[in-house]
1. With a Förster radius of 30 Å, plug the Cβ-Cβ distance of Lys88 and Leu11 into 1/(1 + (r/R0)^6) and report the FRET value to the nearest 0.05.
2. Using mean Cβ contacts within 10 Å as the protection proxy, how do 111-121, 29-39 order, highest first?
3. Quick one: what are the phi-derived ³J(HN,Hα) couplings along the range 241-251, Karplus 6.51/-1.76/1.60 with θ = phi - 60°, whole Hz, x for glycine and proline?
4. Just the accessible area per residue of the chain, please: how many Å² with a 1.4 Å probe?
5. For every other residue with a beta carbon closer than 13 angstrom to the beta carbon of Asp256, add +1 if it is Lys or Arg and -1 if Asp or Glu, then tell me the sum.
6. The chain: D in µm²/s via Stokes-Einstein (Kirkwood Rh, Cα pairs, 25 °C, 0.890 mPa s)?
7. Under a crude label model (7 Å from the Cα following the beta-carbon direction), how far is Lys33 from Ser73 in nanometres?
8. Please list 3J(HN,Hα) in residue order for the range 70-76, calculated via the Karplus relation 6.51 cos²θ - 1.76 cosθ + 1.60 where θ = phi - 60°; whole Hz, with x for glycine and proline.
Amino acid sequence: MNEPVLQSPRLLWQPSPQNIADSNLSRYLAWLKAERGLEFAPLDYPALWSWSVNEPGAFWESIAAFFQVRFNSDAEIPLKSLEMPGAKWFEGATLNYAEHALNSRNSVSPQETAIIFETEASPGNAARIEKISREELRSRVALVAAQLRAMGVRKGDCVAGYLSNTPETVIAFLASVSLGAVWSNCAVEMTSRSVLDRLTQIEPKVLFGLCGYIYGGKKHARAQMVQEIAAGLPSLRHVVVIGDADGKADVAVSPDVTLHEWNSLVELSTGDAVPELKFEPVAFDHPLWILYSSGTTGRPKAIVHGHGGIMLEHLKTLSLHLDIRAGDHFFWYTTSGWMMWNFLVSGLLLSGVAIVLYDGSPKSPDFGILWDVVERHGVTLFGASAPYFRACIKDGVEPGRRYGLERLRCIGSTGAPLPPEDFVWIYEHVKQDILLSSLSGGTDVCSAFVLSNPHLPVYSGKLQCLGLGAKIEAWDDRAQPVYGEMGELVLTVPYPTMPLFLWGDEDGSRMRSSYFEKFPGIWSHGDWIEIDPPAHPGEPAAGPCVIHGRSDATLNRGGVRMGTVEFYSVVEALPEVAEALVIDTGGLGREDKLLLFVVLQPGVVWSETLSRQIALHLRNEVSPRHVPDAIYPVAEIPRTLNGKKLEVPIKRILAGTAVEKVVHPGAMANPDSLEPFLRLAKELNSSKPVSAPA
């Protein structure tokens, strides 16, 4: 499919007066006027954003009050200092994330659906489809929490999972944090070595393990992996196993570890009552969960987020920016190891919202399967990664024609920047009247701080606004803010979901070097961002924005910097190209070369003619400076488990860095894809002539 490359943003959607009036953001503005005496016009988002970042304590206190966050004890002040790292939020306050997720408000019936779940079907196994009410969810969490308490789990203990995207994972998570324990899950597609790289850092007391799953039409056995993980965790005292698609759970553990089966935890004997569900009050900054960096360049960072910060941020983002409302069905396609799983589960914090979980491949039997789920379950917000939408385009999927999307009100995209032409595809081939929420944030903050807005128009290639409370700026190398041009994305005011700490980083040195080294005292996120100048002189610049990709993967050709996103948009628009990876070898102590790697569409044969065609296309659509010095066909683009292209690790490999210092195969979705790059690196760093790596 050869979509034209867009040269300027195009207006794609304008909210109607009714859209604006019905939004949660309008309710919040009315509440601010009535309860705080603050008045902001519905279309004056820059003024609202400016207040939220210049008065962060007052803003985040208003979020807690608006969403009726239940504190067991109150804080004296919402924010003690603006120091980064080290800002203290709501000191003295206690609460519990699980209590908010499970305690239905008076307006919500206990019989209303909380979770809609579906698995991929496979030969011999029909799809499992299940709906769980709020009452049933509470009961299952209460049963598992009681069992964890009996196992000796207490506040501050770590409970780990090796689980997929299923209700059991949600239940185990909520049961753990209801006790004040700290949750950490590793996706079930990871190897035991990769899991142990993560879990040995946090020394869990209990492990939940899944013995098998279905993906891509195949059964994947994991009982042996669960056994190896359990054997590698000396801290472990209990293992809870969940059967595979056939109900088998064959796992052996050492004599000092007690083995349990999931069904025995959630089944009641005849006449027994469900245990009382109790919630341990914990400090606002008590650890909630531990997420991990990709681990491609070393031991993964164990990133710790807190109960209170996550709750306030997710309530704000899901409700005010994505406009999720009571009665909505919220579906984000994710693995259980991506931070978007945590973001999705936080939909339970919103009254009357059901979250939709899908466990399976997004392309089995074809790329229409997720749209099937959207139609079948009446999804109102559907989110996925930007590469997924690109794959739908390449595959010729026509969701608007083939599926009933009447209830669909919002589409979310993250994981990579969404190219302008993909914006257009969504409005032309999915639905015209829809809010497209292109988001940017990351695992480090477990949220997004460049977001959508139900009051603002959508332009192709543009993220609508900076998130409320997120004082984002684009900085040049002199630490000065710039507008209308690419700069380093920085956060200049504390944010409640910044990591509390990195597990095992006692002196905070790894935390500082990860986020605060480039600009001391300022969060440097590692992305290039371009923020539009304010519409009027003196007005705050709150967006729209463009994310240009990772700042350490920039293309610098003759002093002209470009993010990789625009480059990919041009190359991948060619009908012969499935996807691409571009590497600028400059800046690493070697000759400055631009190398392009392309995966061809099925049936396309590589030739010098095609190479010249790609080069000419880039010359015409980007610039003569961005014509590659060499173009290589490869079978696959190396990716992390979350589907992100390994731009920086490949750049370092091609510069001669040993692969073991750059990337851990266990942190990759396709480790075999490294082979051609390793062969090319060997030739680039020797005197031999360079040949194609494929």
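1. That gives a FRET efficiency of 0.10.
2. Per-residue Cβ counts within 10 Å, averaged per peptide and sorted highest first, yield 111-121, 29-39.
3. 9, 10, x, 6, 4, 9, x, 7, 8, 8, 10
4. For the chain, the per-residue accessible area is 38 Å².
5. +2
6. So the translational diffusion coefficient is about 94 µm²/s.
7. 3.9
8. Residue by residue, the range 70-76 yields 8, 8, 6, 9, 8, 8, 6 Hz.
The values are calculated or read from the model by the stated rules, or taken from the named source; none is laboratory data. From a predicted model like this one, the values you see are computed outputs, not experimental measurements. Cβ atoms come from the backbone with ideal geometry, glycine included; neighbour counts cover every protein chain shown. Side chains included, ligands, DNA and RNA excluded: accessible areas come from the protein's heavy atoms. Shrake-Rupley method; radii C 1.70, N 1.55, O 1.52, S 1.80 Å.
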